[in-house]
Amino acid sequence: AEGFLGGSVTVPYKQAIIPLLDDLDPLAERIGAVNVVVRSPDGRLTGYNTDGLGGVRALTDPVLPGSRAMIPDLSRARVLLLGAGGAAQALAVYLWDQMTQGALMISNRTRLGADALCQRLLAMRTGRVSVVADEDIPRRRAAPVAPPLRQISGINVIPPLVHQRRGHLRDAVDAYRR
C-alpha cells in the first residue's frame, strides 16, 4: 500500500509472518519472532523484534524522574523470568545478551517450555540459566494492582505481557507490499 511505512505484529502471527518477509533483523532471527515490520522505499519488508527492549529498560532505566534504576547493570544480575512464551522468549534473549556473568532462572506453567527456552539460550552462548519449578517460587500476597516488576526473595521477577489480535496475515502482508 502506498504510504505504508510499517506495522505492529501481535500474537498469533509473530512467527507465522517470518517466511512472508524479505529480510529479518539478526535479533529477530535469534528470538524467532517478529513484532515490527518496516517497509523500505523499494517495497521490501523487514522484520524486527522489540518485545524484550521494554522489559530490559524497565530494569535498567529509572522509571520516574529522580528515581533510581532497579538494576543499573544487568551483567551480574539474578533474574527470575515467569513464562516461556513469545514475549518471555524475546525478553530472555535481550537479558541473555546483557547478563554475561549473571543468572537467569525461568519458570513456566509447563516445564517443557522452560527447558526449551533454556536450551535455546545455551545454544547462543554458555552461561548460568536454569529452570525453576513453579512450586518452588515463594508465594506472597499480591497487591490489588501489582507492578509489572517486583522482587521476590531478592530475585527480580518479570512477568511477560502478551497481546492477541486476529486477522488475515497473508492478505495484510501482500497489501502492504504493494
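Scanning the stretch 97-151 for residues that are touching a Ser or Thr at 6+ places or on another chain (Cβ under 7 Å) and at pLDDT below 70 returns I137, P138.
Suppose the filter is basic (K, R) and crowded, with 16+ Cβ neighbours inside 10 Å; does R111 pass it? No, not satisfied.
Quick one: in the stretch 1-24, which of the residues that are in a loop (DSSP other than H, G, I, E, B) and of a type in the set (D, E, K, R) is surrounded by the most Cβ atoms within 10 Å (Cβ to Cβ)?
So in the stretch 1-24, the residues in a loop (DSSP other than H, G, I, E, B) come out as 1-5, 9-10, 12-17, 21-22.
Among the residues that remain, those that are also of a type in the set (D, E, K, R) are: 2, 14, 22.
Numbers: E2: 5, K14: 24, D22: 13.
In this case the residue turns out to be K14.
Taken over the stretch 105-124, the criterion of being more than 14 Å from the chain's Cα centre (by Cα) and not in a helix (DSSP H, G or I) is satisfied by M105, S107, N108, R109, T110. Looking only at residues of the stretch 1-42 that are aliphatic (A, V, I, L, M) and within 17 Å of A84 (Cα to Cα), we find that the one that is farthest from the chain's Cα centre (by Cα) is V11.
The values are calculated or read from the model by the stated rules, or taken from the named source; none is laboratory data. Quick caveat, the model's predicted, so the values are computed rather than measured. Glycine also receives a Cβ, built like all others from the backbone with ideal geometry; neighbour counts cover every protein chain displayed.
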